[in-house]
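Every read-out reported here was derived from the displayed coordinates using simple, explicitly stated rules and does not represent laboratory data. Note that the structure is a prediction, hence the values are computed from the model and not measured. So basically every Cβ, Gly included, is an ideal-geometry build from the backbone, and we count neighbours across all protein chains shown.
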């Protein structure tokens, strides 16, 4: 998936905003060695650095890493696959916000993080939970079906886990769960084109091999359908359900 770093920052700042609350679970300390997995444009990575921690950011998107390096030149950022990375020194903590649900191989992801943590190190993350953005995905898939693009509805875009599923996987790898919660968080989208911009950024793979003109028409149809469920008091909302976890490597 190709990420538009400018659109991400300008229209989807809520991702980093809500991520600041997850930092409370991380509680970074001065001198700690911390990794931000899926750092995006580096907004939360820079907030971790304010604590005095030595923070490193990794992301699979070259566009994101380029933007992060440009904006925060004092922090080290690397283009890395979250399921296959290693560093010379193990980390005291690993942090991630709104990233894990983009990674289908959760077992390999969590195992790689485990291998890069110090014993006693902590993993803190938030991701989309089971039934996350179900209204939006269903609306897009309905339009795809109506327009004759049934094959595109089979694209596996995200992995949305329940708290129970994630806990079992973490414990099987060797983590001990410290805290885990699953909760609804309807999230306001910016501006009158909030839903359109969300679909263009986060649902783009569903429109693979479809012309730009046709894609735009289909997105408009999906947006119109979503007005019944995701538009309230003149504002667009994404039907987010989140899963937040803190786990320790014993």
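Some notes on this structure:
- Stretchable slack from residue 131 to residue 217, in nm (0.36 nm times residue separation minus alpha-carbon distance): 28.3 nm
- Nearest-0.05 FRET efficiency for residue 115 and residue 151, computed from C-beta distance (R0 41 Å): 0.65
- Stretching the chain fully between residue 51 and residue 193 yields a gain of 47.5 nm (0.36 nm per residue, less the alpha carbon separation).
- Helix-only [θ]222 nm of the chain, DSSP H runs n ≥ 4, -39500 (n - 2.57) each, per residue, nearest 500: -12000 deg cm²/dmol
- The C-alpha atoms of segment 47-158 occupy a region whose extents along the principal axes are 53, 32, 22 Å, arranged from largest to smallest.
- Model label zone, residue 165; criterion: amide N under 16 Å from point 7 Å along Cα-to-beta-carbon; scope segment 235-250: 241-245
- Segment 22-92: Rg to Rh, with Rh as the Kirkwood radius over Cα pairs: 0.94
- Each residue, residue 228 and residue 88, gets one label point 7 Å from its Cα in the Cβ direction; the gap between the two is 6.0 nm.
- Relative contact order computed over the chain (Cα-Cα under 8 Å; 6+ residues apart), in percent: 22
- Ellipsoid equivalent to segment 186-250 - semi-axes via the Cα gyration tensor, in Å: 28, 19, 9
- Between residue 29 and residue 138, the C-beta separation translates, for a Förster distance of 25 Å, into a calculated FRET efficiency of about 0.05.
- Length-normalised contact order for segment 95-164 - Cα pairs under 8 Å, 6+ apart - percent: 46
- Extent along principal axes [Cα atoms of the chain; Å; largest to smallest]: 53, 39, 36
- For segment 98-200, the alpha carbon positions stretch 52, 31, 22 Å along the principal axes, listed from largest to smallest.
- Label sites at residue 235 and residue 208, each approximated as a point 7 angstrom past Cα along Cα to Cβ, lie 3.5 nm apart.
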